[in-house]
Amino acid sequence: MSYSNFTNMKTHTEYLWFNTSNKIDFINITDKINSIITQSGIQDGLVLINPMHITAAVFVNDNESGLMYDFKSMLKQLVPEHLSGDDYHHNRTGEDNAYAHLWRTLMGHQVTMAVTNSQLDLGPWEQIFYAEFDGHRRKRVLVKIIGR
Amino acid sequence: MSYSNFTNMKTHTEYLWFNTSNKIDFINITDKINSIITQSGIQDGLVLINPMHITAAVFVNDNESGLMYDFKSMLKQLVPEHLSGDDYHHNRTGEDNAYAHLWRTLMGHQVTMAVTNSQLDLGPWEQIFYAEFDGHRRKRVLVKIIGR
Amino acid sequence: MSYSNFTNMKTHTEYLWFNTSNKIDFINITDKINSIITQSGIQDGLVLINPMHITAAVFVNDNESGLMYDFKSMLKQLVPEHLSGDDYHHNRTGEDNAYAHLWRTLMGHQVTMAVTNSQLDLGPWEQIFYAEFDGHRRKRVLVKIIGR
């Protein structure tokens, strides 16, 4: 009697906390995600990295500081930061962060990455970033790994 | 003899139907997704929520009506709705919904969320929305849950 | 004694290679993804399709050539291609592809799709595209299937 066909399915959940001193910030979290994968014992599967706050994003790109400047510059040109409630109806609620909700959506908001051989299966320049668009407060990012 | 290491893997698939009376509309589907998770019996895993039509999107943000106005306003400013086939080549096919294909892409199109303790694992303001950009017709959203 | 409750969990990983002769190109990869699913033997689950290079994207839309023109046109209007390092700081590194990093982010970068009955579970017009924004070089796309 052999059970070799039955593969144990595992899931692992972790929450990362951030509290950036800059209102707008980009933080490379690739190493943190790899550490969590190691702890999970999962060798092969998928990892979802999802900001739990709606004025932040997680995205994948090159770890190059000029590029981070370009992302910020693009976002400011497409969707201006500081407009009154005349333009951003969300800001009629007393908030001033409508831009941050919109930016995080344009950035793609979340990523799902592959786990192979107990690590992130990344291309040569793929790095995972937490993008904070309305900082100075504690925020969580959910990391859920599912695999075998 | 113990089988406690063998975890049953489950999948569950459901299709939600929409037929909005507004051409452009945002519908909060968070409760519907949680009901499907409950029915699936899956306690821990991932749920993919994917519009099966290419002029609609699913996205996560705050349930605030001003913000929905701001999303629509942003999309209209970045990618105008009503342009002829001179500008939108897609509209040379007889369609007039090129903008809707483009908008749904800028909105991120789909989301994958975490299931923990038999419910969506959401931050304090995370809500899931169906975004219709070319309504007045029946459209489906696929919900696929995978986990244990 | 019955093991019918224990479902075998499978994962399958493949890498697709692209080397486009056009600098900017859109390639329909739907059939390739379906072939990989067939080979994997996985009947029900999720498939992640993730470009491993940060100047390319994978997205889902209608297979209509006018629409591909419209995507390119939208991207060029929102984020111009050829600007110097005065505008795009990334281009101060000697690169001239800052636009490609930004475009791929606006396009949503990656997709996760459902596998049902051993095939992609697609709506009537859903097709999967590889979007190359900085071609003339070999690039990989990761395909990871997870399911039962």
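The values are calculated or read from the model by the stated rules, or taken from the named source; none is laboratory data. Everything quoted here is computed from the prediction, not taken from an experiment. Heads up, the Cβs are rebuilt from the backbone with ideal geometry, glycines too, and the neighbour counts pull from every protein chain shown. Areas reflect the complete protein model, heavy atoms only, side chains present, ligands, DNA and RNA absent. Shrake-Rupley method; radii C 1.70, N 1.55, O 1.52, S 1.80 Å.
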Problem - Candidate lysines for bridging to C:Lys23, where Cα separation is under 20 Å - those fewer than 8 sequence places away on the same chain excluded - result: C:Lys72, C:Lys76, C:Lys139
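Can you quote the Å³ per residue value for the convex hull of the Cα atoms in chain B, rounded to an integer?
Considering the Cα atoms of chain B, their hull volume per residue is 120 Å³.
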Handout entry: Of all chain B residues, the one whose C-beta is nearest the axis that brings B onto C, in angstrom
Key = B:Met9, 2
Completion exercise
Once amide hydrogens are built 1.01 Å from N within the peptide plane, the residues lying 5 or more places from C:Asn61 or on another chain with amide H under 5 Å from its amide H are C:Gln127, C:Phe129
Practice task
Putting +1 on Lys and Arg Cβ atoms and -1 on Asp and Glu Cβ atoms, find which of A:Val141, A:Gly108, A:Gln77 reaches farthest to the positive end of the dipole of the protein assembly as shown.
Solution key: A:Val141
Practice task
Could you work out the mean count of beta carbons from other protein chains within 10 Å of each residue's beta carbon in A:86-94?
Solution key: 4
Practice task
Express the C-alpha Rg of the protein assembly as shown as a ratio against the empirical globular expectation 2.2 N^0.38 Å, rounded to two decimals.
Solution key: 0.94
Handout entry: segment B:60-115 - Kirkwood radius from inverse mean 1/r over Cα pairs (Å)
Key = 12.9
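Within segment B:1-105, report the trypsin sites (Lys or Arg not before Pro) that DSSP leaves as loop and that have at most 14 other Cβ atoms within 10 Å. Spell out each step's value before the answer.
Working: sites: B:Lys10, B:Lys23, B:Lys32, B:Lys72, B:Lys76, B:Arg92, B:Arg104; in loops: B:Lys23.
Taking segment B:1-105 and a limit of 14 other Cβ atoms within 10 Å, the loop trypsin sites (Lys or Arg not before Pro) found are B:Lys23.
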Completion exercise
Of the convex hull enclosing the alpha-carbon atoms of segment B:98-146, the direction-averaged projected area in nm² is 4.7
Practice task
About the Cα centre of the protein assembly as shown, how large is the charge dipole given +1 on each Lys and Arg Cβ and -1 on each Asp and Glu Cβ? Please answer in debye to the nearest 20.
Solution key: 1340
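In the protein assembly as shown, what percent of the accessible surface is made up of carbon and sulfur (1.4 Å probe, ligands and nucleic acids excluded)?
That fraction is 43 percent.
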Fill in the blank from the handout: Phi angles of segment B:116-128, converted by Karplus (6.51 cos²θ - 1.76 cosθ + 1.60, θ = phi - 60°) into ³J(HN,Hα) in whole Hz with x for Gly and Pro, give 9, 6, 6, 9, 4, 8, 10, x, x, 10, 6, 10, 9
Practice task
Check the straight Cα-Cα distances from B:Lys32 and name the aspartates and glutamates below 12 Å, setting aside those fewer than 8 residues away within the same chain.
Solution key: B:Glu14
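Rounded to the nearest whole Å², what accessible area per residue is found for chain B with the 1.4 Å probe?
Per residue, chain B has an accessible area of 38 Å².
Taking both sides together, what accessible area is buried at the A/C interface, probe 1.4 Å, expressed in Å² and rounded to the nearest 100?
Accessible area lost upon association: around 3000 Å².
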Fill in the blank from the handout: Spelling it out for A:Ile24: with amide H atoms placed in the peptide plane at 1.01 Å from N, the residues 5 or more places away or on another chain with amide H under 5 Å from its amide H are A:Gly135
Practice task
Let me know the volume per residue of the alpha-carbon convex hull for segment C:1-84, in Å³.
Solution key: 146
Exercise for the section: Taking a label point 7 Å out from Cα toward Cβ, give me the nm distances from C:Ser118 to the same spot in the other copies, shortest first, one decimal. Expected result: 3.5, 3.5
Exercise for the section: Please name which of A:Ile24, A:Ser35, A:Gly94 has its Cα lying farthest along the dipole of chain A towards the positive end, using unit charges on Cβ (Lys, Arg +1; Asp, Glu -1) and the Cα centre as origin. Expected result: A:Ser35
Problem - Shortest-first distances to equivalent copies, position B:Lys76, nm, label 7 Å out along Cβ - result: 2.7, 2.7
Problem - Average beta-carbon neighbours from other chains, 10 Å sphere, peptide A:130-142 - result: 1
Problem - From phi via Karplus (6.51, -1.76, 1.60), per-residue ³J(HN,Hα) for segment A:34-43 in Hz, x at Gly/Pro - result: 4, 4, 5, 4, 4, 4, 5, x, 7, 9
Practice task
Using only alpha carbon pairs under 8 Å that are at least six residues apart, calculate the relative contact order of chain B and give it in whole percent.
Solution key: 53
Problem - Cβ-defined net charge surrounding A:Tyr99, 12 Å radius [Lys, Arg +1; Asp, Glu -1] - result: -2
Exercise for the section: Within 10 Å of each Cβ in peptide A:58-68, how many partner chain Cβ atoms are there on average? Round it to a whole number, please. Expected result: 6
Fill in the blank from the handout: Once phi for every residue in segment A:88-100 is put through the Karplus expression 6.51 cos²θ - 1.76 cosθ + 1.60 (θ = phi - 60°), the whole-Hz ³J(HN,Hα) values, with Gly and Pro written as x, are 9, 4, 4, 6, 6, 7, x, 6, 10, 10, 3, 3, 5
Practice task
Report, for A:Trp17, each distance to the same residue's label point in the other copies, shortest first and in nm; define the point 7 Å along Cα→Cβ.
Solution key: 4.8, 4.8
